[in-house]
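Laboratory data are not the source of any read-out in this text; all were calculated from the coordinates shown. Given the structure is predicted, the values throughout are model-derived calculations rather than measurements. Cβ placement follows ideal geometry from the backbone for every residue including glycine, while neighbour counts extend to all protein chains displayed.
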Amino acid sequence: RDLLDEFKRILTAAGAPGAHVQDDAWHSVPLSEIDFSRCRRCTPSYRALPRDYPCPPFSERSEEEAKVLNDVWISLPDGSEESYTFRHMRKNQHEEVLFRCEDERFEIDMVIDSNACTLKRLEPIAEEIAILQQKEISRKFSQ
């Protein structure tokens, strides 16, 4: 029974108008399954997230960053580009540079995350080494 209730809750979170939605339900629904037909439209390919969609979590965002960073608008295919993959699309020089920049930023983010995880795993080992060094130094002076 609980599984069925959870399933119904997730289905109602898929952008149905007037549906009561809990914030955590949105995160389990892919954007491709949300009905954006009733959402505000900026351009043919940009739509606003539903008003009850939770704001993405962020930390330490300055006031100026909050003014310029986008938390509302998302890019959606307008139909014509759905049939093409990125490999088969013709791109002009500006799109090529933009795609390359996005790829490089993604790679840098992955390296930063990998390094952060490595540091977290190495910190306890470094502390243990420091403790062992102190013990050895104190043992040498006590002899």
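Here are the numbers for this structure:
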| item | result |
| --- | --- |
| Segments 39-51, 131-143 sorted - mean Cβ within 10 Å per residue, highest first | 39-51, 131-143 |
| In sequence order, calculated HN-Hα J values of the stretch 34-41 (Karplus, 6.51, -1.76, 1.60; Hz; x Gly/Pro) | 8, 7, 9, 5, 9, 8, 4, 10 |
